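Chemist: Structure below; questions to follow.
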Amino acid sequence: MISINNSDDQLLDQLTACGIINGADRSSIAPLVPIIRRMDLSILDYMTIRDLIALGDCRGDVPLVMVLMAMFAGLQEGSLCLNLARVPYLSDQPADDREAAGAALADFLSGLETGRYQTLVTRNAGEYVPLVLDESTGEKLLYFQKYHWHEQRLKDQMELLLTAPLAAALTPDRMSAMIEEIYSNRFAIRVGHGKTPIVKDPVQLEAIRLALQSRFCIISGGPGTGKTSLMVNILRCLVREQIPAPGIILGAPTGRAAQRMTEMVQSNIASIQEPSVDDLALMDLTGSTLHKILGYRSQRNEFHYCRTNPLPASVVVVDEVSMVDIVMMDKFLQAVDPQQTRLILLGDKNQLPSVEAGSVFAEMIPDGERAAKFADRFVVLKTVYRSGTNLLELAKRANQGAFPPYRAISFEKALSLESDQWAFVRAQGVGFWQTHLYRWLQAHYLNPGSGDEESYASLIARAGEMPSEKLTSSTEGLSLLDRIFSVVDCARILSILRNGPYGCTVINNVIADHLIRVFDPSARRRRDGFSGAVVMVTRNDYSKELFNGDVGVIIRGADDAYRAFFHRSGSYLSYPVNLLPSWEFAFAVTVHKSQGSEFEDVLLVLPDDENHRLLTREIVYTGITRAKKRVVLYGSRPALDTALQKTIERQSGLMW
């Protein structure tokens, strides 16, 4: 990124070096420099803007430069388009900057009307030029061609899904009898240590009926609302209605979320006292990433399943839909035949939207007149069944934009919180931060747990005394791996950033440098991995069944072989480290990457820049809801206040 600390002259020099402006343009663009600085664009963005200007033969057109920069800044924030009546980065500025931006925007709009940009901008989506101006909603929405195309296709496919009838709807009596059966003592899903049958939640019953009566439905629920058990009960009803289990597809945007779907179906069915033959058939279902379901062909950058070759499925269930961007949602739904396939979307409407452009799930949530067409296809789960109230209340208050009253405590006290408690620790600089990281490592990786629990360090040492093959082939080895992964899944540092002292990359390197000396001092280089390293796969490798987001542990066995182990439904995958797809350390992960996972303890780290663009209510809510027992928020009060006061606002033309 271009540093915001550069002087105005340095930024102008960089724009000149990129070829966006020349010497004669400097005085014209100078009033806009403060706004450009706040956009924080990359060098690649600047180079693309330069090429677009050259393509349109618009060199020296400062209004066009400004609008293109605003489009790239919006895309970086996840917007699909730029609403020329409400341009982010231009309207919310100091008076002088706002005046300069307003004049430039007015000049650009005038140029649009007179045809000044006809080689760059079209009102006809069928014409192949880089930008599309869409006025069909009554607004002037400026798109990059790619996102307009996907948005229009998604709109059309949604209409087909909403209007497609079921071939034969269940009778009310049959539906009631089926629901009575799956909630009966013999057949009920059981939860908790006491294996208590789940209760008949009226809203969950409504969701089951909706899923059985329609081709398409949306279910939203926060943590502890029983979304997973509801999904399993819907599947149980469907197989009882003669839909064969092999005709059901379970999908999620990440490998970890897909794996969790598999585990939850199996654990829920296993909890039933007397599962029926239909119930047991669901045990063979496995969740997959959306890419794998569609059959991604990397050589041709296309999918096997598409509109002309739809998925051969009776039912498709997609979880964590808030993480799916506009392009992936469009491509996936194109492969769903509304006449043959029932589609069920699950997610949490308050969670972060996708990393890439679009917030499709959030825009399908009915709110007054907005998304009204989804009103009869949407159910939101409200009753929380998870024990403990403090963390749930904190998440609720974060979603409302105001924390309960709190005061900062020391990091040492924060590490000794009781279950269902949270704390705020005030950041005091990088030196203190690294000291706190070492304390976190002591508490979660180096010190023994309560009672007779071994420390992570001790478990890794014991695993290192066994040949790698024995770890996955013996009862003793599997038990040891179970205990290792139990510790790994217990706690995680979540950061809003990737870079900087409070970003995941630096945090992981600091932790790795410390732990490598304890666990594996003979390891050659940190970047090659070391025994005890917690790692995350960052690229799908279907041949190895490893997916972006999968978390594993590297162990150096008694045979001196470094292998990475990944948990898979009661067993483990194991590969030599040098054969893994791209990976990174995962002692700390971004909040975005943590979606679909849960940990007992979460350390949520805020940026040191209290005005950072990623500070939003949604990211705090998502970080908090990853924790089952304890949350420690680390940062400054102004940064937390900024996050709670700001919500993500992505521009699009979906306007459901």
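The values are calculated or read from the model by the stated rules, or taken from the named source; none is laboratory data. Note that the structure is a prediction, hence the values are computed from the model and not measured. Cβ: placed from backbone, ideal geometry, glycine included. Neighbour counts: every protein chain shown. Please note that ligands, DNA and RNA were not included when accessible areas were found on the heavy atoms of the full protein model with its side chains. Shrake-Rupley method; radii C 1.70, N 1.55, O 1.52, S 1.80 Å.
Chemist: Go through (1) without any contact (Cβ under 8 Å) to a residue 40 or more places away in the chain; (2) surrounded by fewer than 21 Cβ atoms within 10 Å (Cβ to Cβ); (3) not hydroxyl-bearing (Ser, Thr, Tyr) for Gly247 and report which single condition fails.
Modeler: Of (1) without any contact (Cβ under 8 Å) to a residue 40 or more places away in the chain; (2) surrounded by fewer than 21 Cβ atoms within 10 Å (Cβ to Cβ); (3) not hydroxyl-bearing (Ser, Thr, Tyr), only one is false for Gly247: (1).
Chemist: Right, next: Sort through Arg637, Arg617, Arg630, Arg613 and tell me the only one that's within 30 Å of Arg153 (Cβ to Cβ), open to solvent by 10 Å² or more (accessible area, probe 1.4 Å) and in contact (Cβ under 8 Å) with a residue 24 or more places away in the chain.
Modeler: Being within 30 Å of Arg153 (Cβ to Cβ), open to solvent by 10 Å² or more (accessible area, probe 1.4 Å) and in contact (Cβ under 8 Å) with a residue 24 or more places away in the chain holds for just one of Arg637, Arg617, Arg630, Arg613, which is Arg613.
Chemist: Which residue out of Gln266, Gln259 is polar (S, T, N, Q) and at pLDDT 85 or above?
Modeler: Gln266
Chemist: Are there any pairs with C-beta distances below 9 angstrom linking a residue in the range 409-431 that is on the phi > 0 side of the Ramachandran plot and in contact (Cβ under 8 Å) with a residue 40 or more places away in the chain to a residue that is open to solvent by less than 40 Å² (accessible area, probe 1.4 Å) and assigned to a loop (DSSP other than H, G, I, E, B), with the two at least 6 apart or on different chains, and if so which?
Modeler: Filtered contacts from the range 409-431: Asp420/Gly388.
Chemist: Residue check: is Glu545 over 30 Å from Ala427 (Cβ atoms) and either among the polar types (S, T, N, Q) or without any contact (Cβ under 8 Å) to a residue 24 or more places away in the chain (or both)?
Modeler: Spelling it out, it is not the case that Glu545 is over 30 Å from Ala427 (Cβ atoms) and either among the polar types (S, T, N, Q) or without any contact (Cβ under 8 Å) to a residue 24 or more places away in the chain (or both).
Chemist: If only one of Thr262, Thr289 is touching a residue at least 60 places away in the same chain (Cβ under 8 Å), buried (at least 21 other Cβ atoms within 10 Å of the Cβ) and of a type outside the set (Gly, Ala, Ser), which one is it?
Modeler: Just a single option satisfies the conditions, and that option is Thr289.
Chemist: Kindly evaluate Glu453 against the criterion of being outside any loop (DSSP other than H, G, I, E, B), open to solvent by 10 Å² or more (accessible area, probe 1.4 Å) and either closer than 16 Å to Tyr634 by Cβ or without any contact (Cβ under 8 Å) to a residue 40 or more places away in the chain (or both).
Modeler: It is false that Glu453 is outside any loop (DSSP other than H, G, I, E, B), open to solvent by 10 Å² or more (accessible area, probe 1.4 Å) and either closer than 16 Å to Tyr634 by Cβ or without any contact (Cβ under 8 Å) to a residue 40 or more places away in the chain (or both).
Chemist: Could you please find all residues in the range 619-656 being within 25 Å of Gly74 (Cβ to Cβ), under 21 Å from the mean Cα position of the chain (by Cα) and in a loop (DSSP other than H, G, I, E, B)?
Modeler: If the condition is that a residue be within 25 Å of Gly74 (Cβ to Cβ), under 21 Å from the mean Cα position of the chain (by Cα) and in a loop (DSSP other than H, G, I, E, B), then Lys646, Thr647, Ile648, Glu649, Arg650, Gln651, Ser652, Leu654 are the ones that fit.
Chemist: Within the range 489-502, does at least one residue satisfy the condition of being within 28 Å of Ser419 (Cβ to Cβ), β-branched (Val, Ile, Thr) and not in a loop (DSSP other than H, G, I, E, B)?
Modeler: Yes, because at least one residue in the range 489-502 is within 28 Å of Ser419 (Cβ to Cβ), β-branched (Val, Ile, Thr) and not in a loop (DSSP other than H, G, I, E, B).
Chemist: Might you check whether a residue that is touching a residue at least 60 places away in the same chain (Cβ under 8 Å), basic (Lys, Arg), closer than 19 Å to Phe378 by Cβ and open to solvent by 40 Å² or more (accessible area, probe 1.4 Å) occurs anywhere in the range 331-345?
Modeler: No, every residue in the range 331-345 fails to be touching a residue at least 60 places away in the same chain (Cβ under 8 Å), basic (Lys, Arg), closer than 19 Å to Phe378 by Cβ and open to solvent by 40 Å² or more (accessible area, probe 1.4 Å).
Chemist: Got a sec? Which of Val317, Val380 is part of a strand (DSSP E or B), in contact (Cβ under 8 Å) with a residue 24 or more places away in the chain and open to solvent by less than 20 Å² (accessible area, probe 1.4 Å)?
Modeler: When all the criteria are applied, what remains is Val317.
Chemist: Do we find a residue being in contact with a helix residue (DSSP H, G or I) (Cβ under 6 Å, 6 or more places away or on another chain), within 30 Å of Ala252 (Cα to Cα), crowded, with 21+ Cβ neighbours inside 10 Å and hydrophobic (A, V, I, L, M, F, W, C) anywhere in the range 544-551?
Modeler: yes
Chemist: Looking at the range 53-64 only, could you name the residues that are part of a helix (DSSP H, G or I) and in contact with an Asp or Glu (Cβ under 8 Å, 6 or more places away or on another chain)?
Modeler: Within the range 53-64, Ile53, Val62, Pro63 meet the criteria.
Chemist: Okay, next question. Consider the range 499-519. How many of its residues are open to solvent by 10 Å² or more (accessible area, probe 1.4 Å) and of a type in the set (A, V, I, L, M, F, W, C)?
Modeler: Here the count works out to 5.
Chemist: Give me the residue from the range 320-354 that is among the charged types (D, E, K, R) and part of a loop (DSSP other than H, G, I, E, B) and, out of that set, farthest from Gln400 (Cα to Cα).
Modeler: Filtering first and then ranking leaves Asp337.
Chemist: Does His567 fit the bill of being assigned to a strand (DSSP E or B), open to solvent by 20 Å² or more (accessible area, probe 1.4 Å) and modelled with pLDDT under 90?
Modeler: Here the answer is yes, as His567 does meet what is asked.
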